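Dumping the structure here so I can ask a few things about it.
The values are calculated or read from the model by the stated rules, or taken from the named source; none is laboratory data. This structure is a prediction, so every number in the text was calculated from the model and none was measured. Cβ: placed from backbone, ideal geometry, glycine included. Neighbour counts: every protein chain shown. These area figures cover heavy atoms from the full protein model, side chains too; ligands, DNA and RNA do not enter into them. Shrake-Rupley method; radii C 1.70, N 1.55, O 1.52, S 1.80 Å.
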Amino acid sequence: MHPITAKLKSRMKLPVIGSPLFIISNPDLVIAQCRAGVIGSFPSLNARPLPQLEEWLQRLSTELGPEDAPYAVNLIVHKSTDRLMQDLELVVKYKVPVIITSLGAREDVNEAVHSYGGVVLHDVINDRFARKAIEKGADGLIPVAAGAGGHAGVLSPFAMVQEIREWFDGPVALSGSIATGAAVLAAEAMGADFGYIGSAFIATTEARADERYKQAIVEGRASDIVYSDLFTGVSGNYLRPSIVAAGLDPDNLPKGDYSTMNFGSGGNTDAKAWRDIWGSGQGIGAVKAVVPAGEMVARLKREYDAARARLQEDAKVLAA
Ligand SMILES: Cc1cc2nc3c(=O)[nH]c(=O)nc-3n(C[C@H](O)[C@H](O)[C@H](O)COP(=O)(O)O)c2cc1C
């Protein structure tokens, strides 16, 4: 096992990263995730205005200890994020253990995180971007496969992990429709080190999401997810009922425009992406109730252990 992967896993009870969720992730959710033994994370932009980010980081560094899993902050490296350098300064000041970068790979950001011993994981939708991210100094990769919530890719998780593992032995967190402990084990079997789970954590009591949104996650299944670039200019997965509620036809959505992309401020329709148009991946069929995040992690752990035991049992049937 790569030493960075081993260092992270040694502080975790289950190889899961609770992924950053725009608007939704907050310190309550992150603390619950880390205490339950998985990495919790939030996008720095969820703390607004800027001074709130320092309050959140102060709280996390006080309330989380060495017995908890490390926490992560997501920096959105895109030209529409004018706070990037200020957020980075705070991340360095509080020595945030793991940084998740998305939408852009930048050497100066990676160097700043390495200056205090932090780990950078970069999310990518194909092998070309993966190579670029590692060239620019990221420590690990998050292949965002088809079916992931938010800005998802279109490639199969099998194909992505297989191609990345041909040349990269560092930490890999697989993202896309993972919502059960068995799927986390499957990600590891494929060659990834962690399952990267977003949508399932929306249906937790700690998540900062409208109750109707949480219920839609509980009730939704894979066929309720619509892939469109209309809302932010970048293709992503959204819950069909929220598109209908915004007065749009989910089966006939116009094309979006990348040039007008402004992360988090509404994209190209009147309905604000993320607030009115609810992001979700295809894995939500596994989510049956809104529960505290600690309970969700306990379910994932039970399923993970059961899947491992079942596979060990099944393997005995194969001819030696
Ligand atoms: C509502 C929502 C908001 C998201 N916001 C962000 C974000 O701010 N930054 C980011 O890097 N990824 C974001 N993502 C993507 C997730 O971090 C992750 O890649 C994805 O949720 C994993 O797939 P899953 O939802 O099927 O588990 C978001 C996903 C959702 C569903």
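Under the definition of Cα pairs under 8 Å and six or more residues apart, what whole-number percent is the relative contact order of the chain? Present the calculation step by step, with values, prior to reporting the outcome.
Working: 685 pairs, mean separation 53.6, N = 320.
Computed value for the chain: 17 percent relative contact order.
Given the pairs Lys9/Lys79; Lys13/Lys95; Lys13/Lys214; Lys7/Lys214; Lys9/Lys132; Lys7/Lys301, which are separated by over 28 angstrom at their Cα positions? Mind showing how you got there, number by number?
Working: Lys9/Lys79 33 Å; Lys13/Lys95 22 Å; Lys13/Lys214 26 Å; Lys7/Lys214 34 Å; Lys9/Lys132 25 Å; Lys7/Lys301 20 Å.
In this structure, Lys9/Lys79; Lys7/Lys214 lie more than 28 Å apart at Cα.
Here is a further query. Note down the net charge around Gln52, summing +1 for each Lys or Arg and -1 for each Asp or Glu among other residues with Cβ under 12 Å from its Cβ.
Working: positive: Arg48, Arg59, Arg83; negative: Glu54, Glu55, Asp87.
Counting the neighbours of Gln52, the net charge comes to 0.
Rounded, prolate or oblate: which fits the range 108-188 when a ≥ b ≥ c are the square roots of the eigenvalues of the alpha-carbon gyration tensor, with rounded for a/c under 1.5 and prolate only if a/b beats b/c? Intermediate results must be reported in sequence, preceding the final value.
Numbers: a/c = 1.86, a/b = 1.66, b/c = 1.13.
In terms of gyration-tensor shape, prolate.
Give me the accessible area per residue for the chain, probe 1.4 Å, as a whole number in Å². Each step should come with its number before you reach the end.
Numbers: 13720 Å² over 320 residues.
Accessible surface, normalised per residue, equals 43 Å².
Continuing with the same structure: With n ≥ 4 as the cut-off for DSSP H runs, can you work out [θ] at 222 nm for the chain, using -39500 (n - 2.57) per run divided by the number of residues, rounded to the nearest 500?
The helix contribution divided over the chain gives -10500 deg cm²/dmol.
While we're on this one: With the Cα gyration tensor of the chain giving a ≥ b ≥ c as the square roots of its eigenvalues, does the rule (a/c under 1.5 for rounded; else a/b larger than b/c for prolate; else oblate) give rounded, prolate or oblate?
Working: a/c = 1.32, a/b = 1.08, b/c = 1.22.
Rounded, since a/c falls under 1.5.
To continue, here is another question. Given the protein chains as shown and a 1.4 Å probe, how many square angstrom of Thr5 are accessible, to the nearest 10?
0 Å²
Could I ask something else about it? Using Cα centres only, tell me the gap between the range 130-155 and the range 1-74 in whole Å.
Between the Cα centres of the range 130-155 and the range 1-74 lies a distance of 19 Å.
Could you give the spread of the C-alpha atoms of the range 50-123 along their three principal axes, from largest to smallest, in whole angstroms?
Largest first, the range 50-123 extends 35, 24, 20 Å along its Cα principal axes.
Can you give me the % of accessible surface on the chain that is carbon or sulfur? Probe 1.4 Å, all protein chains present, nothing else counted. Present the calculation step by step, with values, prior to reporting the outcome.
Details: 7390 of 13720 Å².
Roughly 54 percent of what the probe reaches on the chain is carbon or sulfur.
DSSP beta bridges in the chain, what fraction antiparallel, as a percent rounded to 5?
Details: 6 of 34 bridges.
In the chain, approximately 20 percent of DSSP beta bridges are antiparallel ones.
Can you return the lysines within cross-link range of Lys255? Criterion is Cα-Cα under 17 Å, with same-chain partners fewer than 8 residues away left out.
Straight-line reach from Lys255, under 17 Å: Lys272.
Using the basic label-point model (7 angstrom from Cα toward the beta carbon), what is the Tyr227 to Lys7 distance in nanometres?
According to this spin-label approximation, the distance is 3.6 nm.
Quick check for me: using +1 on Lys/Arg Cβ and -1 on Asp/Glu Cβ, what's the dipole size of the chain about its Cα centre, in debye to the nearest 20? All intermediate terms of the calculation are to be shown ahead of the outcome.
On the way: 32 positive and 37 negative charges, 84 e Å.
The calculation lands at about 400 debye.
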